[in-house]
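In what follows, a structure is listed as structure tokens, so that the remarks can point back to it.
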Amino acid sequence: MASANGECLGWAARDSSGTLSPYQFSRRSVGADDISISILYCGVCYADVIWTRNVMGHSNYPLVPGHEIVGIAKEVGSNVDRFKVGEHVGVGTYVNSCRQCEYCDSGIEVHCTKGSVLTFDGVDVDGTITKGGYSSYIVVHERYCFKIPENIPPQLAAPLLCAGITVYTPMVRHNMNQPGKSLGVIGLGGLGHLAVKFGKAFGLRVTVFSTSITKKDEALNLLGADHFVISSDEKEMKAMEKSLDFIINTASGGTSFDLYLSLLKTMGVLVLVGFPSEVKFHPGSLNLGAKTITGSITGGTKQTQEMLAFCASHKIYPEIELIPMNYCNEALDRLMKNDVKYRFVIDVANSLT
């Protein structure tokens, strides 16, 4: 997929319309610590919408999105010892960090004090702007690459590298892996459905909160949740007061944090992994009951590899809709409408032309 001069084929947005179309560019050469990965699959994340449409105002165009990448190692640098040519390799949301700060030393490079380098729209080691997985291949330092266990189908591994680790990280950090405890999951999209699956694998009693009754059957019968609550139903919500040890909020829409904090037991924890426009709650909602509200993003390299092993051993796979590359614009539009069950994955190798 790579030519002798490093040419790479991808799909890029040229402006804030976010419309993607074929784009040819050059990747940097493979260094001693790098892996050149021929991309097989790339998950579609809401971050792809935000960056291609310049929602935050600092996107660099042309912009090639995609940070849930699984491919095959085609070339490895002379210092690389963790990967061999022909192995399945994953790449997540970042591809570099300072490797010197306390967070990098602890294997949580995503919190690097100098800022981790994003897989797309970051600044690469050669000074160029990083370009993501909507492309034929990528070159990444081995530290930021992951071994894909053999029993995880590669197309199902891709969403784990952002959506999966984003919910796994706070669940482990806040001890949500205690069998018999209770977990509430707000929102049943790409992140939420994986939070349910992790919760059940950890032995938790899982309740899904949603505004849509249409998700009830899949929440209970496909994903294995124990309970389903319509969040707009006052009676159903009242019945849940002080019943949950943990809540994960994966939604980015408006949420009554006072209401959800009232559902927590004493010393319960509410983790925010979505990005609502604002977070408002009364101090008494925290102080009375010694409750905690906290935030989290994706995880470090050590925990990501651990998460992949956990998924392999417990057969935790995302529910996906496999699409060709030329469907990516429709997929991003549908993602904005929450019209996906539950993660789009682009079949890059078989459809990129």
### Query
Restricting the search to the range 205-215, which residues are under 16 Å from Asn338 (Cβ atoms) and either modelled with pLDDT of 95 or more or hydrophobic (A, V, I, L, M, F, W, C) (or both)?
Val208, Phe209, Ile213
### Message
Anything in the range 329-353 that is part of a loop (DSSP other than H, G, I, E, B), farther than 18 Å from Ser21 by Cβ and open to solvent by 30 Å² or more (accessible area, probe 1.4 Å)? List them, or say none.
### Response
Lys337, Asn338, Asp339, Lys341
#### Entry: For Lys291: the one exception among (1) surrounded by 17 or more Cβ atoms within 10 Å (Cβ to Cβ); (2) closer than 30 Å to Gly90 by Cβ; (3) charged (D, E, K, R)
(2)
## Note on the structure
Result of the Cβ filter at 8 Å on the range 104-121, keeping first residues that are touching a residue at least 60 places away in the same chain (Cβ under 8 Å) and closer than 11 Å to Tyr144 by Cβ and partners that are basic (Lys, Arg) and in a loop (DSSP other than H, G, I, E, B), at least 6 apart or interchain, is Glu109/Arg99
### Message
Quick check on the range 122-167: of everything there that is under 18 Å from Glu319 (Cα atoms), open to solvent by 20 Å² or more (accessible area, probe 1.4 Å) and of a type in the set (S, T, N, Q), which residue is modelled with the highest pLDDT?
### Response
Gln155
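Conditions (1) under 22 Å from Arg27 (Cα atoms); (2) among the aliphatic types (A, V, I, L, M), marked per residue:
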{"position": "Tyr46", "(1), (2)": "no, no"}
{"position": "Ile72", "(1), (2)": "yes, yes"}
{"position": "His88", "(1), (2)": "yes, no"}
{"position": "Thr113", "(1), (2)": "no, no"}
{"position": "Val117", "(1), (2)": "yes, yes"}
{"position": "Phe120", "(1), (2)": "yes, no"}
{"position": "Val125", "(1), (2)": "yes, yes"}
### Query
What number of residues in the range 316-328 are surrounded by fewer than 16 Cβ atoms within 10 Å (Cβ to Cβ) and over 18 Å from the mean Cα position of the chain (by Cα)?
2
### Task
Filter the range 15-51 down to residues that are hydrophobic (A, V, I, L, M, F, W, C), over 18 Å from Leu156 (Cα atoms) and open to solvent by less than 10 Å² (accessible area, probe 1.4 Å), then give me how many there are.
3
### Query
Could you count how many residues in the range 249-273 are surrounded by 20 or more Cβ atoms within 10 Å (Cβ to Cβ), within 19 Å of the chain's Cα centre (by Cα) and touching a residue at least 60 places away in the same chain (Cβ under 8 Å)?
5
### Query
Looking at the range 168-214, which of its residues are among the polar types (S, T, N, Q), open to solvent by 10 Å² or more (accessible area, probe 1.4 Å) and more than 26 Å from Glu321 (Cβ to Cβ)?
Asn175, Asn177, Gln178
#### Entry: Considering residues of the range 274-285 that are over 19 Å from the mean Cα position of the chain (by Cα) and assigned to a loop (DSSP other than H, G, I, E, B) only, the residue surrounded by the most Cβ atoms within 10 Å (Cβ to Cβ)
Phe281
### Query
Which residues, taken from the range 286-314, are assigned to a loop (DSSP other than H, G, I, E, B) and within 18 Å of the chain's Cα centre (by Cα)?
Ser296, Ile297, Thr298, Gly299, Gly300
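For every residue, the table says whether it meets (1) touching a His at 6+ places or on another chain (Cβ under 9 Å); (2) not in a strand (DSSP E or B).
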| residue | (1), (2) |
| --- | --- |
| Val208 | yes, no |
| Thr214 | no, yes |
| Glu218 | yes, yes |
| Gly224 | no, yes |
| Glu236 | no, yes |
| Glu241 | no, yes |
| Phe246 | yes, no |
| Ser252 | no, yes |
### Message
Name the residue that is surrounded by the most Cβ atoms within 10 Å (Cβ to Cβ), counting only residues in the range 215-248 that are under 25 Å from Leu156 (Cα atoms) and touching a residue at least 24 places away in the same chain (Cβ under 8 Å).
### Response
Ile248
### Residues of the range 110-157 classified as within 18 Å of Phe83 (Cα to Cα) and not in a loop (DSSP other than H, G, I, E, B), total
13
#### Entry: Close pairs (7 angstrom Cβ cut-off, 6 or more residues apart or separate chains): without any contact (Cβ under 8 Å) to a residue 60 or more places away in the chain in the range 323-340, part of a loop (DSSP other than H, G, I, E, B) anywhere
Arg334/Val340
### Task
Considering every residue within the range 174-181, establish whether at least one is closer than 17 Å to Tyr94 by Cβ and at pLDDT 95 or above.
no
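The values are calculated or read from the model by the stated rules, or taken from the named source; none is laboratory data. Keep in mind the model is a prediction, meaning the values are calculated, not measured. Counting neighbours? That spans all protein chains shown, and the Cβs are built from the backbone with ideal geometry, glycine included. Just so you know, the surface numbers come from the protein's heavy atoms only, side chains and all, with ligands and any DNA or RNA stripped out. Shrake-Rupley method; radii C 1.70, N 1.55, O 1.52, S 1.80 Å.
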